[in-house]
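Below is one structure; the comments refer to it alone.
Nothing in this text is a laboratory measurement; each read-out follows from the coordinates by a stated rule. Note that the structure is a prediction, hence the values are computed from the model and not measured. So basically every Cβ, Gly included, is an ideal-geometry build from the backbone, and we count neighbours across all protein chains shown.
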Amino acid sequence: MADTEVLTAEDVQALQPLYAAVIAALKEVYDPEIPVNIYDLGLIYELTISKSREVHILMTFTAPNCPMADQVMAEVQEGVKAVPGVTDCHIELTFEPEWDRSMLSEEARVELGLDYDEDTYGKLDE
């Protein structure tokens, strides 16, 4: 996707259902070691869709040495490409910033029994 591509308000509105469908597809991909989908785990750092409906995903893993990284990325690729309207999917892997538990969605925290007040209890990784 070209960095210079600018979406108009109309483009954004037209792409909104596609964003929702791509997010739904990402929520079908689960971390093999944690019973939570990768979207709610906070592994998706960036999701962009071009006018030509190419999806670009910047993502990470809970650990740089994840033994299932290739399988998870293949599931993301297959799932997103299967969304009607998506023309292509590009995945970029990063470990900056490093993932930590503060990136979990509220749903993931509840699912994992980590529903807590961070101000009271502090960060889980400390």
#### Entry: Ranked list, fewest to most other Cβ atoms within 10 Å of each Cβ, for ILE49, ILE23
ILE23, ILE49
### Query
Each residue of region 37-45 in order: what ³J(HN,Hα) in whole Hz does its phi give by Karplus 6.51 cos²θ - 1.76 cosθ + 1.60, θ = phi - 60°, with x for Gly and Pro?
5, 5, 5, 6, 5, x, 7, 9, 8
### Task
Report, to the nearest 10°, how far helix 69-81 tilts away from the longest principal axis of the Cα atoms in the chain, using its own Cα long axis and a range of 0 to 90°.
40
### Query
Using 7 Å Cα-to-Cβ label points, what is the LEU47/ALA24 separation (nm, one decimal)?
1.2
## Note on the structure
per DSSP, antiparallel bridges as share of beta bridges in region 9-121, % nearest 5, sits at 50
### Query
How much length is gained on full extension from GLN16 to SER105, taking 0.36 nm per residue of separation minus their Cα-Cα distance?
30.0 nm
### Task
Round to the nearest 10 and give me the degree value, 0 to 90, for the angle of helix 9-26's Cα axis relative to the longest principal axis of the chain.
50
### Message
Sort 8-19, 32-43 by the packing proxy (mean of other Cβ within 10 Å over each peptide's residues), most packed first.
### Response
32-43, 8-19
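Starting from 0.36 nm per residue, how many nanometres of slack lie between ASP88 and ALA63 once their C-alpha separation is accounted for?
Separation in residues times 0.36 nm, less the Cα-Cα distance, equals 6.3 nm.
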